[in-house]
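The values are calculated or read from the model by the stated rules, or taken from the named source; none is laboratory data. In this text, all values refer to a predicted model and were calculated from it rather than measured experimentally. Every residue, glycine among them, receives a Cβ derived from its backbone with ideal geometry; neighbour counts consider all protein chains shown.
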Amino acid sequence: MRKGLWFGLLVALVWMTCPPAMAESPFNLKELDKFLADFPGFVRFSEEQGEAIGADTRPGMWTSLKMNDEIKGFLDKKGWDFERFFYMASHVTAGLMAAEVRAQGPEIIAQMEAQMAAIANNPQIPDAMKQQLMAQMQSGMTQAGAVGAAGDDLPPQEMDLILKHKARIRKAFERAE
């Protein structure tokens, strides 16, 4: 599932920084079904075209991906509008990540707080190191909160579909690896 999630996260970041000019309507179950069927093949095809989706995090990589006629042709053959496919990828990924963080968030936060307390109370760790470790932990907690809040920007009907079909979405992302 890691490669599929990385791909989706990268798409979500690009989509947030470079949204299309026209507003997109929320997706429905029929579109979600189609996306889940086509997503693994898209990831494999993109990688066959030399796009290292699972590892390449350069913003420019997505610009070149958008310019790739072979990838556009692949999506056309599958019946997708290029922008709509990336809208789906970004929203499904953001919703899935938000759902995962929300479900595991309290446990993760409790673990991080326990680790922070252990660091603060450890006399063997120099104060400068404690400050650095605490800052890193705080940053991690802030990032986890931001990922959890990502679903807040999604249309409610999309988030409802993502929550109802979370297992199917995970399975599609796993098939993309």
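Values computed for the structure shown
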read-out: Selection within the stretch 110-158 - β-branched (Val, Ile, Thr), surrounded by 13 or more Cβ atoms within 10 Å (Cβ to Cβ) and either under 24 Å from residue 93 (Cα atoms) or in contact (Cβ under 8 Å) with a residue 24 or more places away in the chain (or both); value: 147
read-out: Condition check for residue 162: among the aliphatic types (A, V, I, L, M), under 30 Å from residue 36 (Cβ atoms) and assigned to a helix (DSSP H, G or I); value: yes
read-out: Only one of 172, 128, 135, 117 that is part of a helix (DSSP H, G or I) and touching a Leu at 6+ places or on another chain (Cβ under 8 Å); value: 172
read-out: Filter result for residue 115 (closer than 30 Å to residue 46 by Cα and of a type in the set (S, T, N, Q)); value: no
read-out: Residue 170 being at pLDDT below 85 and surrounded by 14 or more Cβ atoms within 10 Å (Cβ to Cβ); value: no
read-out: Helices (runs of 4 or more DSSP H) (entirely within the stretch 6-105) containing at least 3 residues that are among the charged types (D, E, K, R), modelled with pLDDT of 90 or more and surrounded by 13 or more Cβ atoms within 10 Å (Cβ to Cβ); value: 29-48
